[in-house]
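*Asks:* Please see the structure below; I have some questions.
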Amino acid sequence: PGVVSLAAASRRRFDPAVVWEHCQVLPGGAAVVAGPVSAGRARGALGMLGGLAGHLASLDADVVVDCGRLDPGSPAIAVWEEAHRAILVVRPQLADLHAVAAWTETHATETQPADVWPERRARVGLVVVGEGPYPDAEIAEALDVEVLCRLPWDPRGAAVLVSVPASSRDARLAPLVRAARSLADGLADDLAADAGQPSPQPDADRAPGHVTASRLAARVLRGWRPEPAAAVSNGATPGEGSR
């Protein structure tokens, strides 16, 4: 089950709830619709999904979608435009920030009406990865986009995530995991505040298939809650040669 099987099923049944039938469940309990390895197959499947992707908001869950590298012709652009919060990931280097500025300008002129873009832009946030010469406040001011957080450049932590249980000490103490957990908590709080609801509680539980992502994230990430320890360095951004 995954995006390809979901795309095939959506041709026979235009119902957002069909998503649950094509999920795989991760060890922590999160339901995931897995994408194919091939970029071509992913594009084809997303193209087949058509309008269904724009109705994901009707699910009794918060949906997190990895849209990959966005361009105006991407079939994932429709999902991005419908998102309650849209997040762009960037490194704090001049070329990368120029690319974000160019993308937002192009997106505004080619895919968004002039009177709609300011409202959409308010929903956009940046996640900055690694160290660089530009602080978050300067990036936010220059691009007129909120910087939600800065994730450390942590190759070891990234490797740990795919090699050991999430509840292990190495995973819980990895700088990347600790920063990602703070980002997840902040987004969950923002969603709850916008909906006029109290922040999700970690011990909240509901029936399978009907767990909101904010509650699910809180439950899954309990295993990543760091033990009291001295501050861990965020590491360094890779050099030009490793880009």
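*Asks:* What are the pairs, 6+ residues apart or on separate chains, where a residue within the range 163-188 that is acidic (Asp, Glu) has its Cβ under 9 Å from a residue that is surrounded by 19 or more Cβ atoms within 10 Å (Cβ to Cβ)?
*Replies:* Sorted first by the residue in the range 163-188, then by its partner, the pairs are 170/157; 170/160; 185/217; 185/218; 185/221.
*Asks:* Only one of 60, 96, 66 is over 13 Å from the mean Cα position of the chain (by Cα), at pLDDT 80 or above and within 28 Å of residue 29 (Cα to Cα). Can you tell me which?
*Replies:* Values: 96 fails: within 28 Å of residue 29 (Cα to Cα); 66 fails: over 13 Å from the mean Cα position of the chain (by Cα).
The match here is 60.
*Asks:* Another question about this same structure. Would the range 3-22 turn up any residue that is in a loop (DSSP other than H, G, I, E, B), at pLDDT 80 or above and crowded, with 18+ Cβ neighbours inside 10 Å?
*Replies:* No.
*Asks:* Out of the range 126-135, which residues are more than 16 Å from residue 99 (Cα to Cα) and open to solvent by less than 50 Å² (accessible area, probe 1.4 Å)? Walk me through how you get there before you give the answer.
*Replies:* Initially, the range 126-135 is screened for residues more than 16 Å from residue 99 (Cα to Cα), giving 130-131, 133, 135.
The answer is 130, and nothing else.
*Asks:* Let me ask something additional. Considering each residue of the range 49-82, count those that are closer than 20 Å to residue 124 by Cβ, open to solvent by less than 30 Å² (accessible area, probe 1.4 Å), of a type in the set (Gly, Ala, Ser) and in a loop (DSSP other than H, G, I, E, B), and give that number.
*Replies:* Summing the residues that are closer than 20 Å to residue 124 by Cβ, open to solvent by less than 30 Å² (accessible area, probe 1.4 Å), of a type in the set (Gly, Ala, Ser) and in a loop (DSSP other than H, G, I, E, B) in the range 49-82 gives 2.
*Asks:* Exactly one condition in (1) farther than 24 Å from residue 102 by Cβ; (2) buried (at least 17 other Cβ atoms within 10 Å of the Cβ) is false for residue 46; which is it?
*Replies:* Among (1) farther than 24 Å from residue 102 by Cβ; (2) buried (at least 17 other Cβ atoms within 10 Å of the Cβ), residue 46 violates only (1).
The values are calculated or read from the model by the stated rules, or taken from the named source; none is laboratory data. Predicted model only: the values in this text are computed from it and were never measured. No Cβ is skipped: glycine too gets one built from the backbone with ideal geometry, and neighbour counts run over all protein chains shown. The protein model used for the area step is the full one, side chains on, heavy atoms only, and it has no ligands, DNA or RNA in it. Shrake-Rupley method; radii C 1.70, N 1.55, O 1.52, S 1.80 Å.
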